[in-house]
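Step one of this worksheet: look at the structure below.
The values are calculated or read from the model by the stated rules, or taken from the named source; none is laboratory data. Keep in mind that what you see is a predicted model, and the values were worked out from it rather than measured. Because the Cβ atoms are built from the backbone with ideal geometry, glycine has one as well, and the counts that use them run over all protein chains shown.
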Amino acid sequence: MTADEIVTLIEKMLASFPDRMTGNEVNPMVADELRSFAVSDRESLLDALRQYLAFRVPPAQRQQEDAVREARLWLALDVAEHLRLIELKPDIESLLQSVRSGKALRPVHEKGVARYLQRLNA
């Protein structure tokens, strides 16, 4: 399976959940569904999650349509933690630097992103 196929699969999974469910409820379920790919198609899974982790829009330039891409970024962080995908540490470190420099998310998110990195380092 390719990274794009995994992204398509993730998007189909996400579309199947009721709109009233939050990322806190959905993300662990998606991570569980992706567990088998961490073994069978690990590189493709990592590449798919890297696509989500690459989201960078400075807070002042964010548009309403960026909300979905940001939600996917948080999903990728949850999946990385849930499946212990330590190969994504450099990507998360890059995200953290972008948060610190004002190129991604909001300053309030710095501690949250840093926690994901700490948990992968544990």
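Apart from one condition, Glu81 fits all of (1) under 15 Å from Gly112 (Cβ atoms); (2) surrounded by 12 or more Cβ atoms within 10 Å (Cβ to Cβ); (3) free of Cβ contacts under 8 Å to residues at least 12 places away in the same chain; the exception is (3).
Going by the conditions given, is Pro18 in a helix (DSSP H, G or I) and either among the hydroxyl-bearing types (Ser, Thr, Tyr) or farther than 16 Å from Arg115 by Cβ (or both)? Step through it out loud before you land on a result.
Values: in a helix (DSSP H, G or I): no; either among the hydroxyl-bearing types (Ser, Thr, Tyr) or farther than 16 Å from Arg115 by Cβ (or both): yes.
Taking the combined requirement at face value, the residue does not satisfy it.
Being out of contact with any Phe, Trp or Tyr (no Cβ under 7 Å at 6 or more places or on another chain), at pLDDT 95 or above, of a type in the set (A, V, I, L, M, F, W, C) and within 21 Å of Ala122 (Cα to Cα) is the requirement here; does Val68 meet it? No.
Take the conditions touching a helix residue (DSSP H, G or I) at 6+ places or on another chain (Cβ under 6 Å), on the phi < 0 side of the Ramachandran plot, among the basic types (Lys, Arg) and outside any helix (DSSP H, G or I) and apply them to Arg56. Does it pass?
Yes.
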